[in-house]
Each structure stands twice: as structure tokens, then as C-alpha cells.
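The block underneath contains the structure these notes are about, expressed in C-alpha cells.
The values are calculated or read from the model by the stated rules, or taken from the named source; none is laboratory data. Nothing here was measured: the structure is a model prediction, and the numbers come from that model. All Cβ positions, glycine included, derive from the backbone under ideal geometry; neighbour counts span all protein chains shown.
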Amino acid sequence: MIYSLEINDVRKRYGDFEAVKGMSFRVRKGGCFGILGPNGAGKTSLLAMIEGLTSITSGSISVLGMDVATQIRKIQPRMGVQLQQNNYFRFLTVAQLLKFYQELRVAGNGKRNGKPVAWLLDRLGLSDKLNFKVEQLSGGQKQRLSIAVALLGDPDVIFLDEPTSALDPHSRLYTWEFIEQLKQDPDKTVVLTTHYMEEAERLCDEIMIMNDGKLIAQGSPSELVQSMQAHHSIQFRFAKGRFKLEFVKDMVGVIDLQWDDKTDCLRVQTREVADTLREILAVSENQSIDVINFDVNRPNLEDVFLSHTGKD
Ligand SMILES: Nc1ncnc2c1ncn2[C@@H]1O[C@H](COP(=O)(O)OP(=O)(O)OP(=O)(O)O)[C@@H](O)[C@H]1O
């Protein structure tokens, strides 16, 4: 079986409102598949149907070759689901909670124990919290605990719904490294939703962007960026009141120039980033205008996301 998920013309209706409008796509086995979309795009509704948590209005979904509508009992033990909101038993300790879910998972799927709990906690930076009650954990620690719970019982498909949304930059990095370790097992498929483009670009081998319940783009992060045919942009900030746009009007490779009077900033889109940089620095030297700073930005997934989903 090459595909972990096959989604065929799937729709989700809540009363008169259609949240998912006939989506079809497939997710290859192994690696990390990212689902991106603005708030309200329908990501949670789509995932809830795939995970068997809500009914499918029409269309079909298969997970690991099994039909979600008719074989969910067989599929569930092979899925690990981390949810955005977790209402765990708050008076249990982390150790008791993990033991409870571990037994539940093993009862559901035979003898598949998977990664030892100690390994999971160590990799998620929770080893010293084993005897803490759930209610004594911070928001970020609870979020990492929910990832550990999703991995109990050695699931083949792991769903992570915004896994780093409440984490500080250090914990986020730690969690990214953990997900990268998970990806090394070719039999595991990670399906991830995120609003962080940097996270998607770093972790996902393939990305699907959805908006308003529809699939609007799919491919590897680099394919999506290339498909935009976007160009580098350079932003310069000059010493106050000295720079004039006419100094740089006819430069080779320049596609667009924008000047902001209020901040004395020049934004240049260019096909020839090194030449443009050199020429503008030469102009500022000839005209004796100090460059306060400059930034070079390559086109990235954020540009792709904004262009497909609207900047608002
Ligand atoms: N149970 C429900 N009843 C009615 N409408 C719903 C229900 N659940 C979701 N919706 C609507 O469906 C649309 C998609 O919601 P969904 O939660 O799937 O989006 P999302 O992409 O996950 O958003 P976010 O990024 O904000 O989590 C929204 O307009 C939402 O209001």
C-alpha cells in the first residue's frame, strides 16, 4: 500500500452550511503531510472526518486501505490523535494518565506497545514531570503530554493538530526535533496542521493548502514556492530624507520598486538579487547616502500561503 490516506470527493455539512466542499487528495505512506489553511478553512472538520470523530456527509475516506465509514473500529487502534483541546483527568499524575492510555491502546490493538513511555517523555522534555498532576502542568507541558498520548500504542498514522501552538520558541524547537525523529520511521505517517509556515517548511514533505472548504494547492514546500514564480525582495533603509527613487529607476532585473517616505525604506523585487544589491549600494555610496540596514528575503511558504488565501 503506497497511500496512508485516500480522500475522495468528501463533503461536510453542518445544517445549511458546507464546511468541506468536495475535497480529494491522497497522502503517501511515510514522512510528514501538512494541512494549511486560514481560520475557518475547514481543517478541523476534515480531520475529524478522517479520524472518525464526525460523520462524512458525502464522499469516502480510506485510512491504511480501510474505509472510515465502515471499518473505523479496525482503523482507530492504528491512529494516534493529538487534539488542540485536551480535557485529561486533571487529578491523575502524568504517570497514571500515561499508564491509563497505554492500557487502553494495548487493549484496542493487541500487543503493540511501541515506544516506551520513558523514551517519549525524555524526548518531549517531560521526564521530570512524571509525578506531577495534570492540573499542575503549564499549557505548553500539557500540549507536549498530548503528543506523548497520541503516540502510545505505536500508531501508524499520527495526527498532530497545531502541535506547537502554545509552545515557547525553545520547546517548539525541541518538538520539531522530536517530530523529525518520528519521520525517520518509513512506516509512520505524520499528518500535521499548523499556522506556522516555518514549521510547515521545516517538517512537511508535502503540503496541502485549503481555503473555504476547498483544496487550492498541493505539493512539496519547494514545489509550491517555485510554482509562485516569485522573486527575491530586498528592503533598504536609508538615512533620513536623502534618497530619491529616480536614483534606481532603470536597474537590470528589477521588477518592482516601492518607496516609503515615512520610514525612508526602499523595497525592491528583483530577478538578479546580487546585481541589484551591488548597484543600490554603489548608488548610495556615489550619492553619499548612509544605508542604515538592509534585508534580503527569498520567496517562502508564507508568500505562497498569502497569495492563495488572500492577504486579509
Ligand atoms: N459543529 C459545527 N456546527 C456548525 N458549524 C461548524 C461546526 N464546526 C465547524 N463549523 C464551521 O465550519 C467552518 C470550518 O471550521 P473548522 O473548525 O473546520 O475550521 P479550521 O480550518 O479548523 O479553523 P481554525 O484554523 O480556526 O481551527 C467554520 O466556518 C466553522 O464555523
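Considering each residue of region 186-200, count those that are under 20 Å from SER4 (Cα atoms) and surrounded by fewer than 20 Cβ atoms within 10 Å (Cβ to Cβ), and give that number. Here the count works out to 2. The set of residues in region 174-218 that are among the charged types (D, E, K, R) and within 13 Å of the ligand (Cβ to nearest atom) comprises ASP212, LYS214.
Restricting to region 1-16, name every residue that is within 9 Å of the ligand (Cβ to nearest atom) and in a loop (DSSP other than H, G, I, E, B). Scanning region 1-16 gives a single hit, GLY15.
The helices (runs of 4 or more DSSP H) found entirely in region 24-123 that carry 3 or more residues being within 16 Å of the ligand (Cβ to nearest atom) and buried (at least 17 other Cβ atoms within 10 Å of the Cβ) are 43-50.
Of all residue pairs spaced 6 or more apart or on separate chains, those with beta-carbon atoms under 8 Å, a first member in region 207-229 that is more than 17 Å from TYR196 (Cα to Cα) and a second member that is modelled with pLDDT of 95 or more and loosely packed, with under 14 Cβ neighbours inside 10 Å are LEU215/SER24. Go through (1) under 24 Å from ALA200 (Cβ atoms); (2) free of Cβ contacts under 8 Å to residues at least 24 places away in the same chain; (3) within 16 Å of the ligand (Cβ to nearest atom) for ALA19 and report which single condition fails. Unmet condition: (2). Of the residues making up region 133-151, just one is of a type in the set (Ser, Thr, Tyr) and either closer than 26 Å to GLN76 by Cα or assigned to a helix (DSSP H, G or I) (or both), namely SER146.
Scanning region 227-272 for residues that are assigned to a loop (DSSP other than H, G, I, E, B) and of a type in the set (Lys, Arg) returns LYS240, ARG242, LYS244, LYS249, LYS262, ARG271.
Take the conditions (1) at pLDDT 90 or above; (2) under 30 Å from MET49 (Cα atoms); (3) not assigned by TED's automatic domain parsing to the domain that holds GLY42; PHE236 misses just one of them, which is (2). Among the residues of region 204-248, those that are aliphatic (A, V, I, L, M) and farther than 30 Å from TRP176 by Cα comprise ALA239, LEU245, VAL248.
Checked against the criterion of being more than 26 Å from the chain's Cα centre (by Cα) and either exposed (fewer than 12 other Cβ atoms within 10 Å of the Cβ) or assigned to a loop (DSSP other than H, G, I, E, B) (or both), region 293-303 has at least one qualifying residue. Quick check on region 232-253. Is at least one of its residues closer than 30 Å to VAL10 by Cβ, surrounded by fewer than 19 Cβ atoms within 10 Å (Cβ to Cβ) and out of contact with any helix residue (DSSP H, G or I) (no Cβ under 6 Å at 6 or more places or on another chain)? Checked region 232-253: no residue is closer than 30 Å to VAL10 by Cβ, surrounded by fewer than 19 Cβ atoms within 10 Å (Cβ to Cβ) and out of contact with any helix residue (DSSP H, G or I) (no Cβ under 6 Å at 6 or more places or on another chain). Only residues that are at pLDDT 90 or above and either touching a helix residue (DSSP H, G or I) at 6+ places or on another chain (Cβ under 7 Å) or over 21 Å from VAL254 (Cα atoms) (or both) were counted in region 292-312, giving 2. Per the conditions (1) assigned to a loop (DSSP other than H, G, I, E, B); (2) farther than 20 Å from VAL63 by Cα, the sole criterion not satisfied by ALA200 is (1). Among the numbered conditions (1) closer than 16 Å to PRO155 by Cα; (2) at pLDDT below 95, the only one that ILE50 does not meet is (2). Take the conditions under 30 Å from PHE132 (Cβ atoms) and charged (D, E, K, R) and apply them to GLU51. Does it pass? Yes; evaluated as a whole, the condition is true for this residue. Among the residues of this structure, PHE132 counts as one that is more than 16 Å from the ligand (Cβ to nearest atom), under 15 Å from TYR88 (Cβ atoms) and modelled with pLDDT of 90 or more.
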